[in-house]
Amino acid sequence: MTQNTHSQMQTKIRKSSKGKIFFAEDFQKFGSADNVRQVLRRLEGQGVLVRLAHGIYLVPKKDKLLGIVYPSIEKIAEEIAKRDKARIAPTGVMAMYLLGLSTQIPLHAVYLTDGAQREINIGKSKIKFKKTAPRNLAVKDELLQLIIQAYKITGEKHISEDFEEKLIQYIKRIDDNILNSQLKFAPVWIQKRIKNIHQS
């Protein structure tokens, strides 16, 4: 049975693209949980897969100079959310980085989620999924969500001209319909600041 599981799993992996992320559950139809675990360990030993975290594997993509090219923290977080059918929103340092307000790649990323609350260690990095109220995930537009989170992490009393100067280009880019339908889910003080910039 394990041999059959091995060949079926290997076929599935070979058909995938380099850099693809797999979860142990992706192979559950090929055998029992124990068989799948054994095969995953074997494939890892053979270099067919790289283990990113418990139950999370990567089909390695190799660069001649850099070696294995690892996916970004946000890519891994997005794949976990997709698997869990959960909504997520980056907060804090990750939101600032994705907006270009910080050049430092965060080692620890915190995401709001309507899925399970958990922490996942990926090498030296950590992804934390923090359970939140549905209202905080009601903003579906990614750019607007990032802007709101950037304001939240900075705080109403610590907003500088320099900070808002950097945000102007992003706020101006938001479509009027998105602003009219989704901005209402942000705290009132953030709504006012975004509206003032957008209308100026």
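The values are calculated or read from the model by the stated rules, or taken from the named source; none is laboratory data. No experiment lies behind these values; they were computed from the predicted model shown. Don't worry about glycine lacking a Cβ; one is built from the backbone with ideal geometry, like all the others, and counts go over all protein chains shown.
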Would you confirm whether any residue within region 171-180 is more than 24 Å from the chain's Cα centre (by Cα), assigned to a helix (DSSP H, G or I) and surrounded by 14 or more Cβ atoms within 10 Å (Cβ to Cβ)? no
If you go through 128, 166, the only one that is under 17 Å from residue 96 (Cα atoms), free of Cβ contacts under 8 Å to residues at least 40 places away in the same chain and either in the same structural domain as residue 107 (by TED's automatic domain parsing) or assigned to a helix (DSSP H, G or I) (or both) is 128
Scan region 115-125 and tell me whether some residue there is acidic (Asp, Glu), under 14 Å from the mean Cα position of the chain (by Cα), surrounded by 15 or more Cβ atoms within 10 Å (Cβ to Cβ) and outside any loop (DSSP other than H, G, I, E, B). no
Is it the case that residue 155 is surrounded by fewer than 18 Cβ atoms within 10 Å (Cβ to Cβ), in contact with a strand residue (DSSP E or B) (Cβ under 9 Å, 6 or more places away or on another chain) and small (Gly, Ala, Ser)? no
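Results for (1) in contact with a helix residue (DSSP H, G or I) (Cβ under 9 Å, 6 or more places away or on another chain); (2) at pLDDT 95 or above, shown as yes or no for each residue.
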{"position": "62", "(1), (2)": "no, no"}
{"position": "68", "(1), (2)": "no, no"}
{"position": "79", "(1), (2)": "no, yes"}
{"position": "88", "(1), (2)": "yes, yes"}
{"position": "91", "(1), (2)": "yes, no"}
{"position": "94", "(1), (2)": "yes, no"}
{"position": "109", "(1), (2)": "yes, no"}
{"position": "113", "(1), (2)": "yes, yes"}
{"position": "122", "(1), (2)": "yes, no"}
Within region 80-95, how many residues turn out to be over 22 Å from residue 23 (Cα atoms) and outside any helix (DSSP H, G or I)? 1
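Residue-wise test of (1) outside the structural domain of residue 120 (by TED's automatic domain parsing); (2) small (Gly, Ala, Ser); (3) surrounded by 15 or more Cβ atoms within 10 Å (Cβ to Cβ).
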| position | (1), (2), (3) |
| --- | --- |
| 15 | yes, no, no |
| 18 | yes, no, no |
| 25 | yes, no, no |
| 29 | yes, no, no |
| 35 | yes, no, yes |
| 39 | yes, no, yes |
| 45 | yes, yes, no |
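A quick yes/no check of all residues on (1) of a type outside the set (Ser, Thr, Tyr); (2) part of a helix (DSSP H, G or I):
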{"residue": "5", "(1), (2)": "no, yes"}
{"residue": "13", "(1), (2)": "yes, yes"}
{"residue": "19", "(1), (2)": "yes, no"}
{"residue": "41", "(1), (2)": "yes, yes"}
{"residue": "52", "(1), (2)": "yes, no"}
Select from region 131-152 the residues that are under 13 Å from residue 91 (Cβ atoms) and of a type in the set (A, V, I, L, M, F, W, C) and write down the one among them that is surrounded by the fewest Cβ atoms within 10 Å (Cβ to Cβ). 137
Flagged pairs (Cβ under 7 angstrom, 6 or more apart or on separate chains; first in region 29-47, of a type in the set (S, T, N, Q); second part of a helix (DSSP H, G or I) and surrounded by 13 or more Cβ atoms within 10 Å (Cβ to Cβ)) are 35/2; 35/5; 38/2
